[in-house]
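To start, the structure under review is shown below, and the notes come after it.
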Amino acid sequence: MRRAPGDSPAWSALLPDDTIWLIGRGHQGARRVRRAVASVPPGRTWTIAGPPWGSRRNSHRDQGSQAHAVHSYVAYPYEKPMLIASKDAAVLRYVADSVLSVPPGAGRIPSMMFTSGLRLLRLPLMWSFAAVVRVTDMVLVGRSG
């Protein structure tokens, strides 16, 4: 059974208590994400697991509702995140270089494969690809106004 994303201790530490988690997965399309955001009462923080293409850089504005996506995050693993990082390229480089590591005792060949995989994760595009194949998630957080 799948838990609601807001049940995760990682999200509860990061987001305000009154955050509205929008139902469904945003992977159905950016247009549906915009419609869901338009239904949030003014002044409330909203959060949705969105498609990698749903946010341009770190913000987008829906002209109809004046809703603002102020942050986009990468969450890994997507079901119960242990790692949540800003989708900012510099942050993702830091995560790939300094936070993620090769498992101890992996052996020489697996260690080389893990190391090359971690180098690829320096690029935001690779995190987006991981979201498409459902390993990570892209989460958009904003404030309606």
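Brief remarks on what is shown
- Figure legend. Inter-residue proximity from region 1-28: first residues under 24 Å from Val132 (Cβ atoms) and assigned to a loop (DSSP other than H, G, I, E, B), second residues among the small types (Gly, Ala, Ser) and at pLDDT below 85, beta-carbon distance below 6 Å, spacing 6+ or different chains. Indicated pairs: Leu22/Ala36; Arg25/Ala49.
- Any hit, region 56-72, residues being surrounded by 13 or more Cβ atoms within 10 Å (Cβ to Cβ), assigned to a helix (DSSP H, G or I) and modelled with pLDDT of 70 or more: no
- Matching option when the condition is aromatic (Phe, Trp, Tyr), modelled with pLDDT of 80 or more and surrounded by fewer than 20 Cβ atoms within 10 Å (Cβ to Cβ), among Trp53, Trp11, Trp21: Trp21
- Enumeration of residues in region 107-129 that are of a type in the set (A, V, I, L, M) and outside any helix (DSSP H, G or I): Leu121, Leu123
- Residue within region 91-102 that is part of a loop (DSSP other than H, G, I, E, B) and touching a Phe, Trp or Tyr at 6+ places or on another chain (Cβ under 6 Å) present: yes
- Residue ID - modelled with the lowest pLDDT, chosen from residues in region 99-112 that are surrounded by 12 or more Cβ atoms within 10 Å (Cβ to Cβ), more than 25 Å from the chain's Cα centre (by Cα) and not hydroxyl-bearing (Ser, Thr, Tyr): Ala106
The values are calculated or read from the model by the stated rules, or taken from the named source; none is laboratory data. Predicted, not measured: the structure shown is a model, and the values here were computed from it. We place every Cβ from the backbone using ideal geometry, glycine too, and count neighbours over all the protein chains shown.
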